[in-house]
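First comes the structure, then the notes that go with it.
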Amino acid sequence: MSALVWFRNDLRSLDHPALTTACTDHQQVRAVYLLCPQQLDEHGIAPIRRHFLRRALNALSEQLAALGIALDIINAEHFKHVPSYLHDYCQEHDIRDIYAHKEWLVDEIQRDAHCAEQLAIPLHLIDDSLLSPLSIAKADGLPYKVFTPFSRRCRDVLMAQFPRVVRRPAAKPALENSARTPCPHFGEEKDSSTWPVQEDEVLQQLREFCAERASDYQQHRDFPALDGTSRLSAALALGLISPRQCLARLQQECGDAIWDAKSDAGTWLNELLWREFYRHVAYHFPRVVKGQAFQTYTDAIPWPNGHALFNAWCEGRTGYPIVDAAMRQLKETGWMHNRLRMITASFLCKDLHIDWRWGERHFLENLIDADFASNNGGWQWAASTGTDAAPYFRIFNPTTQGQRFDADGDFILRYLPELKGLQGKYLHQPPASDNYPQPVVDHKTSRNITLALFKEIRD
Ligand SMILES: Cc1cc2nc3c(=O)[nH]c(=O)nc-3n(C[C@H](O)[C@H](O)[C@H](O)COP(=O)(O)OP(=O)(O)OC[C@H]3O[C@@H](n4cnc5c(N)ncnc54)[C@H](O)[C@@H]3O)c2cc1C
């Protein structure tokens, strides 16, 4: 009789409460990951993310083997088949208890409910979040809809009870039928090898950031040419590292400064809390991850959705250098700097007048760190349709954003070599030439159209 640890977006062995609990309570432990490639196809998950996931599963399998635990990777095709695959697996391996971490998105909650109904054995769902969406509520018991009071409350809760990082369990004698098989390919892939998947490498990335760059975070984080942020989003999205580990390391390096929201370390903690906030919103208002706006009245906006403009945006040929360099960064590397995500998202909705859902989908199809809740939250923020939405009349000017955050064009020239030789104003507003497009829209005119679109439905 064995226990089973069901891995999902928590592909690590350190600070893994479900794994540690299973190992403490049972002599024999197996592990499983249920691949759902059809589900990934439906959501348009990026080829680079698939490669990253496959590598992460192989790394986890190695790590678990060293603990005497076999990881079986099963192709279940789709969420809807998961309960029956899990049922058969448990019968075959004489499993008596299943341990997994709670997930908070609506499809995942339904999948787990179906499993719990159909399995004849207990499914123990353990909370692995930094702050469970159930543990943070306003004084009236309702969920938060605004980030700043939410983050204040989170700090109070974390300060009162600093979350503990759970140790890796001790190794067990390996089971007899536990040969390791590499994770199969499951769809088109793009090389992700510059992103580490081994736990110790990811931890090293965290240590380096906290020791060397966290103290300059506020000063550097908005400048895409600098290495000012942690680049841990891909690892956090697959759970190669937990937000508890991030918080613990940050506190070790920066001490009590982390509780001051205006300090560098406190600002980084704030970013981790944005991640929590969007989970909180997606759990309490599940319509947002089902294609609906948080501000429901904005669903009536008649976005013109020009296909040619959308294609120009995707391909990085809008004639606005900061937008184009950012979109090419996404296409080439599968990642985009946060400031640029804000600029490009605002540009798509408020300059090109394209529905934010198109942009949300395009990001999912390209990002290595795609995360439903954070991506949705970021898009709805930029489109002024979300919780903490930027007011609809606050519209980024793509030219001045470029001048402000990439004045000398160090970032722009990395991705738009055709602009080499241009300086100052011309770098951000290039003169007509054969090798770079003229702006596809006029920002001032576009701005007025956006104001009219929002005003019409508000009125
Ligand atoms: C339109 C748009 C789409 C986005 N899509 C995603 C997405 O799919 N996946 C994703 O992880 N983040 C997303 N973000 C948030 C943010 O851009 C990235 O998390 C960040 O750029 C990752 O870089 P980093 O790891 O160096 O971040 P750091 O600045 O080092 O921040 C540390 C961690 O905090 C979290 N974080 C930081 N900023 C945010 C934020 N604004 N919202 C939520 N979490 C945050 C991330 O997990 C990040 O790794 C999106 C933002 C916007 C505006």
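The values are calculated or read from the model by the stated rules, or taken from the named source; none is laboratory data. Model, not experiment: these values are computed from the prediction. For neighbour counting, all protein chains shown are included, and Cβ atoms are generated from backbone atoms with ideal geometry for every residue, glycine included. Only protein heavy atoms, including side chains, enter the accessible area calculation; ligands, DNA and RNA are left aside. Shrake-Rupley method; radii C 1.70, N 1.55, O 1.52, S 1.80 Å.
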Output for region 291-303, where each listed residue is assigned to a helix (DSSP H, G or I) and either without any contact (Cβ under 8 Å) to a residue 60 or more places away in the chain or under 25 Å from the mean Cα position of the chain (by Cα) (or both): THR296, THR298, ASP299
Hits in region 349-368 (condition: under 19 Å from PRO224 (Cα atoms) and open to solvent by less than 10 Å² (accessible area, probe 1.4 Å)): PHE363, LEU367, ILE368
Some residue of region 236-245 being among the small types (Gly, Ala, Ser), surrounded by fewer than 21 Cβ atoms within 10 Å (Cβ to Cβ) and within 20 Å of the chain's Cα centre (by Cα): yes
Residue in region 220-232 that is part of a helix (DSSP H, G or I), of a type outside the set (Val, Ile, Thr) and touching a residue at least 24 places away in the same chain (Cβ under 8 Å) present: no
Residue selected from region 191-210 under the condition touching a residue at least 12 places away in the same chain (Cβ under 8 Å) and farther than 28 Å from GLY409 by Cα, by the criterion nearest to the ligand (Cβ to nearest atom): LEU206
Any chance ILE343 is away from the ligand (no atom under 13 Å from the Cβ), aliphatic (A, V, I, L, M) and surrounded by 22 or more Cβ atoms within 10 Å (Cβ to Cβ): no
Residues of region 194-215 satisfying the condition of being within 25 Å of LEU34 (Cβ to Cβ) and in a loop (DSSP other than H, G, I, E, B): TRP195, PRO196, VAL197, GLN198
